[in-house]
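Shown next, in structure tokens, is the structure this report addresses.
The values are calculated or read from the model by the stated rules, or taken from the named source; none is laboratory data. Predicted model only: the values in this text are computed from it and were never measured. For neighbour counting, all protein chains shown are included, and Cβ atoms are generated from backbone atoms with ideal geometry for every residue, glycine included. In case anyone asks, the SASA skips ligands and DNA or RNA and just uses the protein heavy atoms, side chains included. Shrake-Rupley method; radii C 1.70, N 1.55, O 1.52, S 1.80 Å.
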Amino acid sequence: MKAPPLRTERLNRFTDSHSSRRQAMIPTIVGLARRARSTFQVPKLGRRAISSLLISAFACTGASTALAAGQAYPQQPISIIVPFAAGGSLDATARVLGKKLDEILGQPVLVINRPGAGSAVGARAAATAKPDGYTLFIASGSAFGFVHLLVRNHDFYLKDYAPIAGLGIYTSLFAVSEATPAKSLSELVALADSKPSGLSICSTGANGINHLQLEMLRFAYQKKNPGKKLNITHVPYNGVAPALTAMKAGDVDACVLPYSSLVKQMDGAGLRVIAVQRDKRLPALPNAGTTGEQGYPELDGNEQLVTISAPAGTPAPVLQRLEKAFRDAMNDPAVMKSLNELEVQPKFVGSADARQWLEQDVKKLSNVIREAGLGSNP
């Protein structure tokens, strides 16, 4: 008995227009089905059965194609987008890892700086790139996951990225100038309470991670002292250098700064670190207590994970290839030495754990943004 004609639209429903390999298989599969029916007197197949057969064939072909893509990757240069200007610690981190990745993958790795609007310009460029593994995005912390709350018309979220790995830790500090008498964070808070005009505390930028950490100190203080507000004024600067200049000149009383940028400025610079935002003291700063030791454990988890991501939709075999490549790079003693010299605490974190860390951090800091009434979007 003749098989009923197959309707073109039924085939098109399951045919990927971008895969000539799948299209080429259709006549073969249909021909085999008809021949088998004719030879072995198989009962007539309905349209639904034929459709199921085609779906199964396409699924198998798609899986083998994705696997082949992962094995063949990479075939061209890879770009790593840095959402800040050249010369910073994140830029240097990307260049150290990119150089090693070049050796491991056998393709040039280019560092592309896309600064602007905090990290929004670079984050947008990464999220909208073709998801083929040739555009990656390095970030210090999870800002790219909550920047939509701070920048109007920035409609990209954590779900628009595929975390590949965590690469290291950035720690933030509370520091004062020698003119400020406080020797600890608790003394700084007491000093703010005792002065009618309060204290001025700077950060490296409005709505940046250090600003959010200062807001967290406000909330922690209010939790400990119901009905009272911490008597401080936030003074944002555009980056680490002007913030340090202001603190040395006595224009501000204290500042929240990243350790990696501050540590090389401390020797003989008239600065003093009074607290580190982590659960253990830094070996390089044994006299600076943790925020938890000084009564503010809410700030202990404010370390930033340096992550490398790809656009969402990047094939899983390509992501796995990249994760292994970054793991191998982080196992290289020369890379570890270079990262330590940049004051980054090297730490490899697999893709699943990196995603979990980012999700938790985005949730925490999004709540801070909303509670503080910051940003442009609700």
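Packing, taken as the mean count of other beta carbons within 10 Å per residue, orders the peptides 198-205, 139-146 from highest to lowest as 139-146, 198-205.
Remark: the stretch 123-137, residue by residue, has Karplus-estimated 3J(HN,Hα) of 4, 5, 4, 6, 5, 9, 6, 4, x, 10, x, 9, 10, 10, 9 Hz, where x stands for each Gly or Pro and the curve is 6.51 cos²θ - 1.76 cosθ + 1.60 at θ = phi - 60°. Summing Lys and Arg as +1 and Asp and Glu as -1 over all other residues whose Cβ lies under 12 Å from the Cβ of residue 359 gives a net charge of +2. With 0.36 nm allotted per residue and the present C-alpha distance subtracted, the residue 187-residue 300 stretch has 38.9 nm of extension available. Counting protein heavy atoms only, the stretch 122-242 has 53 percent of its accessible area on carbon and sulfur, 1.4 angstrom probe. At a probe radius of 1.4 angstrom, the accessible area of the stretch 93-134 per residue rounds to 45 square angstrom. Excluding same-chain neighbours fewer than eight residues apart, the lysines reachable from residue 99 by a Cα-Cα span under 29 Å are 130, 159, 264, 324, 337, 347. Close amide H pairs (under 5 Å, H built 1.01 Å from N) link residue 199 with 232, 233, residues at least 5 positions away or on another chain. Say R0 is 41 Å: what FRET efficiency, to the nearest 0.05, do residue 279 and residue 179 get from their beta-carbon distance? Calculated transfer efficiency: 0.85. Taking trypsin sites (Lys or Arg not before Pro) across the stretch 275-325, the ones in a DSSP loop with at most 13 further Cβ atoms lying within 10 angstrom of their Cβ are 280.
How much of the accessible area of the stretch 279-378, in percent, comes from carbon and sulfur atoms when a 1.4 Å probe is used? Whole-percent figure for carbon plus sulfur exposure: 49. If R0 is 35 Å, the Cβ-Cβ spacing of residue 99 and residue 245 corresponds to a FRET efficiency of close to 0.65. Per-residue extension of 0.36 nm, minus the Cα-Cα distance of residue 112 and residue 225, leaves a gain of 36.0 nm for this segment. In this structure the stretch 282-356 gives 43 Å² per residue of accessible area when probed at 1.4 Å with all protein chains present.
For the stretch 195-252, lysine pairs separated by 8 or more sequence positions, or belonging to different chains, with Cα-Cα distances below 21 Å total 5. Full extension of the chain between residue 347 and residue 159 yields a length gain of 65.3 nm, computed as 0.36 nm times the residue separation minus the alpha carbon distance.
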